[in-house]
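Input: a single structure, listed below in structure tokens.
The values are calculated or read from the model by the stated rules, or taken from the named source; none is laboratory data. Keep in mind that what you see is a predicted model, and the values were worked out from it rather than measured. Methodologically, a virtual Cβ is constructed for each residue, glycine included, from the backbone with ideal geometry; neighbour enumeration extends over all protein chains shown. When the accessible area is computed, the model is the full protein with side chains, heavy atoms only, and any ligands, DNA or RNA have been set aside. Shrake-Rupley method; radii C 1.70, N 1.55, O 1.52, S 1.80 Å.
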Amino acid sequence: MDTPPVRVALLGAGTVGAAVARRLGDRADLLARRVGAPLELVGVAVRDLTRPRDLPGVAADLLTDDPDPLVAGADIVVEVMGGIQPARGLIERALAAGADVVTANKQLLAQHGTELEALADREGRGLAYEAAVVAAVPVMRTVREALAGDEIRSIHGIVNGSTNYILDMVARLGVPFQEAVRQAGDLGYLEADPTEDLEGLDAAAKIVLLARAAWGVEVGLADVQRQGISGLRDTDFEDARGTGQVIRLIASAWCSGSASEPRVEVAVRPTPVAADHPFGMTREGTNMVIIEAESAGTLRLTGAGAGGDETASAVLGDLVNLARARVVARRRA
Ligand code: NAP
Ligand code: HSE
């Protein structure tokens with residue numbers, strides 16, 4: 001292929017970043033065919049250069065602990081480092097320098113996504129974040145694009161993989177709570193700060209992003225009525241079992257106003273559900289989102305809500321779409 005490559009900078013090579021780097025290597029031909037040009041990994045930013053890494057096919061000299069020059073020279077920046085800073089500044093500089101951005105960083109988007117989207121619009125660049133909400137499951141795309149002509153009434157979901165894994169292990173297999181937390185960490189499901197999962201902050205960020213996409217309202221993390229799972233006691237699990245129920249961490253957003261004047265409420269709470277309800281049967285790290293829309297009726301989306309390869313699937317989907325748009329624009333120029 002003689003088309004010039006699309007230059008990709010990867011910020012972060014942890015659970016998600018390492019999976020993205022591996023797939024950029026082993027799916028290089030397939031991705032190039034879909035994009036219409038090769039995707040060239042021009043650098044990988046990490047915090048600790050001495051850490052051993054499983055990055056087959058990534059030349060050692062591509063690793064750096066200085067992300068700024070990477071961002072300045074890329075066509076597309078993939079931010080999977082997490083946290084607010086330096087991620088926010090790097091994304092802003094990338095957009096200002098003419099790059100498109102893919103991110104999986106739901107906390108950053110929940111706190112500063114409105115400004116970042118406005119910056120991307122001003123710069124005429126793409127800011128894509130399917131991976132930030134329910135990892136492999138295309139929920140953002142469904143809400144923002146597939147249902148753009150409908151009126152969404154409510155969104156309810158299990159949107160956090162680690163807490164679902166923990167709740168399921170404790171209730172179904174009798175695994176002690178702290179041991180289940182440890183296992184969720186080993187599976188790559190937990191955030192760098194696990195309290196974000198356990199206290200419902202991760203789920204809160206995701207439901208905020210879904211509510212904004214569904215109703216175009218400026219809801220924020222402070223608007224979420226939030227309770228996590230760390231306060232649950234053995235008796236809560238036993239009481240639920242005694243009534244044929246299991247506990248799930250349910251994130252909800254619903255609109256009680258009209259399409260022109262939406263009044264939106266958002267909540268995250270541990271909720272007893274019937275063991276044979278679709279939420280009750282959602283096990284381990286699987287997530288499920290149920291959307292009620294006026295014309296479409298009830299839609300149910302389910303699949304992997306966390307994990308390196310699963311999240312990389314959504315990151316790469318955004319990356320291919322943005323890269324293809326760049327290649328088409330280049331041909332027209
Ligand atoms: P992670 O395993 O902790 O990896 C973070 C990576 O970023 C590491 O490679 C780290 O470097 C690097 N990094 C962190 N701060 C940095 C800095 N200041 N400068 C340079 N590099 C830095 O995290 P993860 O699980 O991959 O998650 C990454 C993002 O994806 C987060 O926003 C998370 O919320 C989101 N996400 C994760 C999942 C999941 O299942 N894990 C799913 C969906 C979305 P070192 O390796 O040197 O420490
Ligand atoms: N910590 C998150 C979860 C990762 O457990 O769902 C995926 O966003």
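Under 17 Å from the mean Cα position of the chain (by Cα), open to solvent by less than 20 Å² (accessible area, probe 1.4 Å) and either modelled with pLDDT of 95 or more or not assigned by TED's automatic domain parsing to the domain that holds I229 (or both), is that true of I166? No. Among the residues making up the range 299-315, those that are within 16 Å of ligand 2 (Cβ to nearest atom) and more than 19 Å from Y165 (Cα to Cα) are A312, S313, A314, V315. Scanning the range 34-87 for residues that are surrounded by 13 or more Cβ atoms within 10 Å (Cβ to Cβ) and basic (K, R) turns up R34, R53.
Do you know which residues across the range 144-190 are out of contact with any strand residue (DSSP E or B) (no Cβ under 7 Å at 6 or more places or on another chain), of a type in the set (V, I, T) and within 16 Å of ligand 1 (Cβ to nearest atom)? Talk me through it step by step, then tell me what you get.
At the first step, the residues of the range 144-190 found to be out of contact with any strand residue (DSSP E or B) (no Cβ under 7 Å at 6 or more places or on another chain) are 144-146, 148-149, 162, 165-166, 168-170, 172-190.
Retained after the next criterion (residues that are of a type in the set (V, I, T)): 166, 170, 175, 181.
Listed by number, the residues that qualify are I166, V181.
Among all positions in the range 112-126, there is no residue which is within 18 Å of G231 (Cα to Cα), open to solvent by less than 60 Å² (accessible area, probe 1.4 Å) and away from ligand 1 (no atom under 14 Å from the Cβ). In the set (1) loosely packed, with under 15 Cβ neighbours inside 10 Å; (2) not in a helix (DSSP H, G or I), Y189 fails one condition alone, (1). Number of residues in the range 191-202 that are away from ligand 1 (no atom under 12 Å from the Cβ) and within 16 Å of the chain's Cα centre (by Cα) equals 1.
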